[in-house]
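The structure is given below, and queries will be raised subsequently.
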Number of protein chains: 4
Amino acid sequence: MNINGLSASYNTVRKYSESICEPLETEDYVPQPVPFVSPPKWHLAHSTWFFETFILKNFIPDYQVFDKDFSFLFNSYYNNVGERTLRTDRGNVTRPTTANVYAYRQHVDRCMNELMENLTDTNAISMIQLGLHHEQQHQELLVTDIKYILGHNPLFPVYKTGHNLVNAENSETGFLNIKEGVYSIGFEGNGFCFDNELGRHKVYLQEFEISKSLVTNAEYIRFMEDGGYQNFNLWLDEGWSWVNQHAVEAPMYWYKISGEWHYYTLAGLQKVNPDAILSHISFYEAAAFAQWKEMRLPTEAEWEIASDQLQWGQRWEWTNSSYLPYPGFTKAKGAVGEYNGKFMINQMVLRGASVATSPEHSRKTYRNFFHAHERWQYTGIRLAR
Amino acid sequence: MNINGLSASYNTVRKYSESICEPLETEDYVPQPVPFVSPPKWHLAHSTWFFETFILKNFIPDYQVFDKDFSFLFNSYYNNVGERTLRTDRGNVTRPTTANVYAYRQHVDRCMNELMENLTDTNAISMIQLGLHHEQQHQELLVTDIKYILGHNPLFPVYKTGHNLVNAENSETGFLNIKEGVYSIGFEGNGFCFDNELGRHKVYLQEFEISKSLVTNAEYIRFMEDGGYQNFNLWLDEGWSWVNQHAVEAPMYWYKISGEWHYYTLAGLQKVNPDAILSHISFYEAAAFAQWKEMRLPTEAEWEIASDQLQWGQRWEWTNSSYLPYPGFTKAKGAVGEYNGKFMINQMVLRGASVATSPEHSRKTYRNFFHAHERWQYTGIRLAR
Amino acid sequence: MNINGLSASYNTVRKYSESICEPLETEDYVPQPVPFVSPPKWHLAHSTWFFETFILKNFIPDYQVFDKDFSFLFNSYYNNVGERTLRTDRGNVTRPTTANVYAYRQHVDRCMNELMENLTDTNAISMIQLGLHHEQQHQELLVTDIKYILGHNPLFPVYKTGHNLVNAENSETGFLNIKEGVYSIGFEGNGFCFDNELGRHKVYLQEFEISKSLVTNAEYIRFMEDGGYQNFNLWLDEGWSWVNQHAVEAPMYWYKISGEWHYYTLAGLQKVNPDAILSHISFYEAAAFAQWKEMRLPTEAEWEIASDQLQWGQRWEWTNSSYLPYPGFTKAKGAVGEYNGKFMINQMVLRGASVATSPEHSRKTYRNFFHAHERWQYTGIRLAR
Amino acid sequence: MNINGLSASYNTVRKYSESICEPLETEDYVPQPVPFVSPPKWHLAHSTWFFETFILKNFIPDYQVFDKDFSFLFNSYYNNVGERTLRTDRGNVTRPTTANVYAYRQHVDRCMNELMENLTDTNAISMIQLGLHHEQQHQELLVTDIKYILGHNPLFPVYKTGHNLVNAENSETGFLNIKEGVYSIGFEGNGFCFDNELGRHKVYLQEFEISKSLVTNAEYIRFMEDGGYQNFNLWLDEGWSWVNQHAVEAPMYWYKISGEWHYYTLAGLQKVNPDAILSHISFYEAAAFAQWKEMRLPTEAEWEIASDQLQWGQRWEWTNSSYLPYPGFTKAKGAVGEYNGKFMINQMVLRGASVATSPEHSRKTYRNFFHAHERWQYTGIRLAR
């Protein structure tokens, strides 16, 4: 990417974050209802902090920080950068105000644009690219965290009229067959990728079939009506504990009202569309559903090999692969090395992309990962056998 | 009180709540950092809900509620009034916005003023009086909750310059002696009181002495420097567990910076004034301090009998009395009966009033009560022997 | 008490502890199913440790301890005596074995008997008396803890055939009237009492009536059948949370089997005897029942003044008094001062004695105390109005 | 295996369980200090329950159970078999006594031996084989659970003099090189294996080197002395939280006494032998150590391919593979299907065997699995690169 392209990308991406927040009231920027959901204000500030910390401070001599306290307030999990606010306290920090945070963004954007005017340092350029992909990741979290905040308000407020992200349907049916053999997975090429995709390497796959469509709401309702949430034989042991401890009876955001299933969407509470693609289920639910269908979830290698022939981009698709390093994976030194490697334990890989994923932020080698119980992302199920 | 007086009181009290919030940013109205601290937005709405629920709905025929969901959102603890938001979720409810809540106040105030124009129903008048005292209680909570929210922000924001509520000093010294004998305590007269003060009754007191001054910061620092927080012999067993579990080393809001004690005040972080009256200590700390001085805390009966000869109004003073019913106490039927009686277990009585108490909201028979570990109120220590 | 009497008492009391454990299997001596229930092995060792620590070590020159580790293992809560096993870990300590503990008892008893042969030191004598009353308190806990351990085994093992402690009925009916006036309460005389009973002092009582009988199972079943556990208006706020959090529906040890109420007794699982006196209820339940009857629980002063004219000894009777110091109460210096004073917070006083109380271990001035939710003791209800 | 061989195996295995418990006192059979450690009494009963439930009840017409309550008490996690004691309550069940449990074993052994006299049903034979391997798994747990119970007693009791299982040293050094290519892993052949080993299948391995020795105490002490437990860069994020939350500073059972490292062994507390193979570390610690050495843990496929050329049997070796199904894995119907499959989430695979593994109970295809934080097994580290 040349420097003009980078500068244009920078401004497009940065503006997109703000456009996501446009329908919000000031109050919506503040709360952190559960530890894994961050306040929108925090996302806007943290993605800005990333540019200030890793680029402006390093590549502009005598750079003056916007506010010396922000490093403490808006560091997420980089131990190498120093102390930070407890993750669970993000929702209690009312100052800086939202207006201050927007001013912080403006300040950093101005400095970044100045810096990019004559930038040739390839380290700086590559950190900026990382910063943009980082901000795009937070854009998806902005969408899902806003949905969580509004969707857990008893009033079910509308984010934006007509903005129902869970309404799309499958355009294909049937199964795709892939033959046994040695295949290669992992990133190759010149574009951007995260370190966890690197190390293109050979894997051996057994013959398998993978569905060309994602599971729909109607199919999942059949699972529910067949007693899926009551039949322990379908569940992983840990999943069965989860179902019972949290009294789970349906996907997240689903409510049975007068005998009919409704769900909260960003356009408000609506009747479930049976033909639409299922969303907001945990890995446990995905695995139980697959067991009920007497099929299974694909591995991430299977998924990647098949991906050229699949439609995707509607849901993050749970795979049956744990998030582990590829052969030859090594962490970068310092804070950037904390980006991915330290999370490679007890999480499951999701492949694809979702309706909340930012434009230009998906690759068939992309390795997303969440804990098995998490379901506030736009997650879905693709079956294999 | 005649109806004109009531109407004037109503508007004065209602306006005072809003004046407390005037220095706030919109974001400050939202969070609930711990379950016992409510969002300012919630206080403004809940005190309004009280008038709507107990007066407008009952005394205006065909009254139209401002919003049918508010009853669910802003009920605090009245089981008789129906379902309500979980207490711990108040900070996650971003809508209605602060502006909506102010509109709700305006709506209710307009209806209340109309109603009061020709009001003669003594039940209504007495419920309005209760509603005003209720709102005054929430005004004190507004102050202490705002202090908690701002004081737990790592930036220590200033609420209002010059507004240091903990700076006042004692104006008297020495001890007052009260002789053994039969005395009467409890409310009598025509003005307003809460049901828990009723039942003026005789008590038998042994001779005692009670301090004319409250404990100062300097005295408490001597306790700390003498190892007060490390000496288990001074503490109640439960207090000792509390000290160790929470690593308590000083009053709430105190921080040792470069070897000197500072505290957060509503005017920002400041050096501790040694001559000022101590504030923000738990009953456990009050009891340990008294033990260290080889004295004790007064009972609430002792306090009330001595109160005519004491200066007070600076701090809520911990007594060594549990919050229990006076002889002959009975709960009113229905929701109003939930006001006080159901809390008469495992709380300690505090007497007096504090610098955060609203004007006209104190009586020598007033029985305030908190749990022994709570210290976000303006609490202090008066010794007896 | 002369020294011969003391020596005889010593051996009687010590033997009685062992007789309580006689029906146990070795395994029954070990577990601590919940933190407040101690292993029988621990009770036997701890009461012995008391004599070794406070008497043998102090009054026998060059006394050799039985085992140097026992001081750590069998200290209960005396911070002045040094470090101790975490209270919650008592059930995991399989060694010393039960046989070792009996050997420890024999060793200490032999030394104690030698010491008592020529004992004239009044401090020693008075500590021995305290040790015997201490052991009697643990005898009652032995009974209630054994009941807890066996009663929570799904097999409901029999402790001793015919040993049903909850079967007795009232012998009197009606109410006793006490006139308003000044009365005196607290211990006076020459016998033994705990420090918390001292300071005989005057109190002023309003006129009241107190029931001559305790509440029966039949009366409590009527409360249950009238929806007592579902009606929040009857409950203290904290009690209502307790009922809901623990899904409480009946007294402890009660089970509904094929539509009929049964309870676990030390003689095994039996049908509830409707005419027997109710047992194993919390303060919350006692208070809710009293509210349902439109009466109240007596205060401890009322109870003590009426006690000469009451039959008692069946149940520890919940009063509506918090456990607080009497006027002039002071703690002894050192470990003995930790016996009572440090628990004077957030507990309620119970008066009387129960069927599990050791012989000679009751007084009308005796102040027992437990937390409001505790119900594994033989607790009951006497009403006042 | 012919039926005589089976019968001999049966009696050998069953007797071996009892021989492990021979040094115990009756009290040692009872406690469950943490949920993952079961009482020895429970292991003896549960492994017996397995034979009674899956063999005697199914293959002996009119079989009379030893005690109808035992099915409830001694089921571990088979939902298909019905209700069971809460896992966390196993340590509170004092009855049946240890003697009863031994009688239960005798009863079942007698019936089993009668049954095996003329047994030809291959389903029964194969279930018996599963039962024996199941009992061998519990034999290893018996050893590690006994170590946990005794090792957490402040007295550090000796299980058996001279019985130090952690004293062995490596017999080889250096690294083994394995070339890139397609390999096959998984069980093949006629002997017994668990269902999770089945489905021999091809995998593609990159070239790697694997250590011929296991990490020693001396090497691990160097890691500790180099600040390994303080350097967040070495740890997985979840591992770093675990270290901080539990204040982990050394392997399990290690204590620094007067400046020297000691560990609890089954022969009592001893000085750490620096040349012995490290044991009792979590996956987190294994991964951090590997990071510190700038190497990594092997995957389970790498381990299996190299295993023919490795000495092993000292420690369960943490691999960097999650416990997931092999291609084509399917669960058996009913209770037996619960044996392995439902645990295939959030656990890591360990390969090899340990000094506590029962004779004849190891295979190079054996897939052991534990959670990343668990370390009461005899776990160790083998490095790869």
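The values are calculated or read from the model by the stated rules, or taken from the named source; none is laboratory data. The shown structure was predicted, so the numbers you read here are calculated from the model rather than taken from an experiment. Here the Cβ is made from the backbone with ideal geometry for all residues, glycine too, and neighbour counts use every protein chain on show. Keep in mind that these areas ignore ligands, DNA and RNA; they rest on the heavy atoms of the full protein, side chains included. Shrake-Rupley method; radii C 1.70, N 1.55, O 1.52, S 1.80 Å.
On the rotation axis linking copies D and B, which residue of D comes nearest by its Cβ, and by how many whole Å?
D:ALA247, 7
How far is C:GLU207 from the same spot in each other copy, in nm, shortest first, if each label point sits 7 Å from Cα toward Cβ?
For C:GLU207, the other copies' label points sit at 3.4, 10.0, 10.5 nm, shortest first.
In whole Å, what are the Cα extents of the stretch C:27-95 along the three principal axes, biggest one first?
Principal-axis extents of the stretch C:27-95 (Cα, largest first): 40, 24, 15 Å.
Moving on. Where does the stretch B:236-339 land on Rg(C-alpha)/(2.2 N^0.38 Å)?
Normalised Rg, Cα atoms only: 1.39.
How are the C-alpha pair distances of the protein assembly as shown spread across 10 Å bins, as whole percents from the shortest bin up?
In whole percents, the pair-distance histogram is 1, 7, 12, 16, 19, 19, 14, 8, 3, 1, 0.
So, R0 is 22 Å and r is the distance between the beta-carbons of B:ASP275 and B:THR161; what FRET efficiency does that work out to, to 0.05?
Efficiency at R0 = 22 Å is approximately 0.50.
Can you list, shortest first in nanometers, how far A:ALA332 lies from the same residue in the other copies, with each label 7 Å from Cα toward Cβ?
5.1, 6.6, 7.0
I need the inter-copy label distances for C:GLU172: point set 7 Å along Cα to C-beta, values in nm with one decimal, smallest first.
4.8, 8.8, 9.0
Still on this structure: Sort out for me the Cα centre separation of the stretch B:138-161 from the stretch B:218-235, rounded to whole Å.
28 Å
Between D:GLU172 and C:ASN123, how high is the FRET efficiency from 1/(1 + (r/R0)^6) when r is the Cβ-Cβ distance and R₀ = 51 Å? Nearest 0.05.
0.15
Same structure again: I'd like the residues of the stretch B:1-39 whose 1.4 Å-probe accessible area shrinks by no less than 20 Å² going from the isolated chain to the full set of protein chains.
Hits at the 20 Å² cut-off: B:GLU25, B:THR26, B:GLU27, B:ASP28, B:VAL30, B:PRO31, B:PRO33.
Let me ask something else. Please report the relative contact order for chain D, taking Cα pairs under 8 Å with a sequence separation of at least 6, and give it as a percent rounded to a whole number.
Here the relative contact order equals 18 percent.
Let me ask another. Rounded to a whole number of µm²/s, how large is the Stokes-Einstein D of the stretch A:3-151 at 20 °C and 1.002 mPa s, given Rh as the Kirkwood radius over C-alpha pairs?
Approximately 137 µm²/s, per Stokes-Einstein.
I've got another one for you. What's the total accessible area buried between chains D and C, using a 1.4 Å probe, rounded to the nearest 100 Å²?
Heavy-atom accessible area buried at this interface is about 2200 Å².
Let a ≥ b ≥ c be the square roots of the eigenvalues of the Cα gyration tensor of chain B; is it rounded (a/c under 1.5), or, if not, prolate (a/b larger than b/c) or oblate?
Here chain B falls in the oblate category.
What does the net charge come to around B:GLU180 if you take all other residues with beta carbon closer than 13 Å to its beta carbon, with K and R at +1 and D and E at -1?
Neighbour charge sum, excluding B:GLU180 itself: -1.
What is the calculated FRET efficiency for D:ARG110 to A:ASN231, with r their C-beta to C-beta distance and R₀ = 30 Å, to the nearest 0.05?
It comes out at approximately 0.20.
What accessible area per residue comes out for the protein assembly as shown, rounded to a whole number of Å², with a 1.4 Å probe?
39 Å²
Distance between Cα centroids, the stretch A:20-42 to the stretch A:344-377: provide it in whole Å.
21 Å
In a Debye calculation with equal point scatterers on the alpha-carbon sites of the stretch C:175-380 and no solvent, what is log10 I(q)/I(0) at q = 0.07, 0.09, 0.17 Å⁻¹?
-0.23, -0.38, -1.25
DSSP beta bridges in the protein assembly as shown, what fraction antiparallel, as a percent rounded to 5?
Roughly 95 percent of the beta bridges in the protein assembly as shown run antiparallel, per DSSP.
How many percent of the accessible area of the stretch A:3-151 is carbon or sulfur, using a 1.4 Å probe?
Exposed carbon and sulfur together represent 48 percent of the surface.
Then there is this: So which residues of the stretch C:226-248 lose at least 30 Å² of accessible area, probe 1.4 Å, when you go from the chain by itself to every protein chain present?
C:PHE232, C:ASN233, C:LEU236, C:ASP237, C:GLU238
I would also like to ask the following. Taking H placed 1.01 Å from N in the peptide plane, check which residues at least 5 places from C:LEU176 or on another chain put their amide H under 5 Å from its amide H.
C:ILE210, C:SER211, C:LYS212
Starting from the 7 Å offset along Cα-to-Cβ, what nm value, one decimal, do you get for the label separation of B:ALA99 and D:GLN245?
Each label point lies 7 Å from its Cα, and together they span 4.3 nm.
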